[in-house]
Amino acid sequence: MPSLKITRFDASVLTVEPRGNDWSVFIFAKVEVDAKDKDGKTSKEYRVLVARDGWRKLNDNQWTLLSSEPLGRQQWQERPPIANW
């Protein structure tokens, strides 16, 4: 099993929608990972993740994450064709 080290995690909020007392938030994240295989060889992986998170604001104005549902993922071995990568 390879070991992974996250070297970049940039998340952006795409949409925020009320759901009763809670909020549904769509997230887009750019992730770079250094992977090391069992022989010690290191490689770089690039990933894009999309998820729907559920949030709730508590009485003391603190936000709590209720859920996170992965909706999609793409993965590349070279820099992906995405703006501002």
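Taken together, the values in this text are just the output of simple stated rules run on the coordinates, not laboratory data. Every value quoted in this text rests on a predicted model; they were computed, and no experiment measured them. We place every Cβ from the backbone using ideal geometry, glycine too, and count neighbours over all the protein chains shown.
A few remarks follow.
- Counting only Cβ charges, +1 for Lys and Arg and -1 for Asp and Glu, the dipole size of the chain around its Cα centre is about 160 debye.
- Placing +1 on the Cβ of every Lys and Arg and -1 on the Cβ of every Asp and Glu, with nothing else charged, gives region 36-78 a dipole about its Cα centre of roughly 20 debye.
- Seen from every direction in turn and averaged, the convex hull around the alpha carbons of the chain projects onto 7.2 nm².
- Non-local Lys pairs in the chain, i.e. 8 or more apart or on different chains, that have alpha carbons under 14 Å apart: 5
- Here the relative contact order of the chain, from alpha carbon pairs under 8 Å that lie six or more residues apart, stands at 24 percent.
- Each peptide among 47-53, 73-79, 19-25 gets the average number of other Cβ atoms lying within 10 Å of its residues, and from highest to lowest they stand as 47-53, 19-25, 73-79.
- Farthest toward positive dipole pole in the chain [+1 Lys/Arg, -1 Asp/Glu at C-beta], among Leu14, Asn61, Ile82: Ile82
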